[in-house]
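These notes are about the structure you will find just below.
The values are calculated or read from the model by the stated rules, or taken from the named source; none is laboratory data. Source: prediction; values computed, not measured. Note that we place each Cβ from the backbone using ideal geometry, even for glycine, and neighbour counts take in every protein chain shown.
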């Protein structure tokens, strides 16, 4: 017997499938994260080769994330391709103001619109879910300007719903930690550079090789501020791991390596936005 909560989930999934069927063919803005992976998988299941997943490759995407996204796309049998985006070359993106995400998505959706026009795709879709609507997300405004649809929102799917359905589908992303672009590790007003993004990517990847999953390395020029769960504090400060991390980060280019005693929290660099009446982003 199907419980009420499970039935609600299944009904939402059915609604999503019906939305995709009505679209007939779609381009999925795919990053390999929880939301876009779920959407790409359902679109592939529903539309087959009429669903094209497109991965944006740029300095703001960690190499490990790109590898995982491609690996998952192959595993799921997705029709996919990569496109190189150059938001890092845009002055409005480099300026790193609170609306930075708008320019990133503007760059991405511009590429996707060109593909859709050249190859006659009806709709471009993204992985925005209903929980995202309450956050400050300039990228949503870019999506509106390009006519990009958010079928997860239209099907009333929350992040928790998507994780639950992903688990039922045996998607490895069901419990994947949220991963914002690398530029989100740089304080607003500090110029975004390829060098800084490369340092962040290397530092975070090193921590992952040591078993840490929920983490951020906040980039304060020569200072790395590590955010991990407080439960992991004892591990990261134990020897020889503490010394290994310190030496690795200095070899990457940081002069000082610090541990944020408040621990991991999504959007810590956006706390300043609270004073502007805006909610946190990741």
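Regarding residue 212, is this residue under 19 Å from residue 181 (Cα atoms), without any contact (Cβ under 8 Å) to a residue 60 or more places away in the chain and surrounded by 14 or more Cβ atoms within 10 Å (Cβ to Cβ)? Even if it seems obvious, please write down each step before you answer.
Numbers: under 19 Å from residue 181 (Cα atoms): yes; without any contact (Cβ under 8 Å) to a residue 60 or more places away in the chain: yes; surrounded by 14 or more Cβ atoms within 10 Å (Cβ to Cβ): yes.
Against the criterion (under 19 Å from residue 181 (Cα atoms), without any contact (Cβ under 8 Å) to a residue 60 or more places away in the chain and surrounded by 14 or more Cβ atoms within 10 Å (Cβ to Cβ)), residue 212 qualifies.
Scanning the stretch 122-137 for residues that are touching a strand residue (DSSP E or B) at 6+ places or on another chain (Cβ under 8 Å) and outside any loop (DSSP other than H, G, I, E, B), which turns out surrounded by the most Cβ atoms within 10 Å (Cβ to Cβ)?
That would be 125.
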Q: Keeping to the stretch 73-91, report how many residues are in a helix (DSSP H, G or I), over 16 Å from residue 181 (Cα atoms) and in contact with a helix residue (DSSP H, G or I) (Cβ under 6 Å, 6 or more places away or on another chain).
A: 1
Q | Top-ranked residue in the stretch 144-157 [being in contact with a strand residue (DSSP E or B) (Cβ under 9 Å, 6 or more places away or on another chain) and in a helix (DSSP H, G or I); ranked as surrounded by the most Cβ atoms within 10 Å (Cβ to Cβ)] | A | 152
Q: Would you be able to tell me the number of residues in the stretch 9-60 that are farther than 29 Å from residue 200 by Cβ, touching a helix residue (DSSP H, G or I) at 6+ places or on another chain (Cβ under 7 Å) and either part of a helix (DSSP H, G or I) or assigned by TED's automatic domain parsing to the domain that holds residue 201 (or both)?
A: 13
Q) Any idea which of 91, 119 is surrounded by fewer than 16 Cβ atoms within 10 Å (Cβ to Cβ), in the same structural domain as residue 27 (by TED's automatic domain parsing) and more than 30 Å from residue 189 (Cα to Cα)? A) 119
Q | For residue 160: the one exception among (1) closer than 21 Å to residue 215 by Cα; (2) over 14 Å from the mean Cα position of the chain (by Cα); (3) buried (at least 22 other Cβ atoms within 10 Å of the Cβ) | A | (3)
Q. Is it the case that the stretch 169-180 has a residue that's in the same structural domain as residue 21 (by TED's automatic domain parsing), in contact with a strand residue (DSSP E or B) (Cβ under 7 Å, 6 or more places away or on another chain) and either outside any helix (DSSP H, G or I) or modelled with pLDDT of 95 or more (or both)?
A. no
(Q) Go through the stretch 191-209 and report how many residues are in a loop (DSSP other than H, G, I, E, B) and exposed (fewer than 15 other Cβ atoms within 10 Å of the Cβ). (A) 1
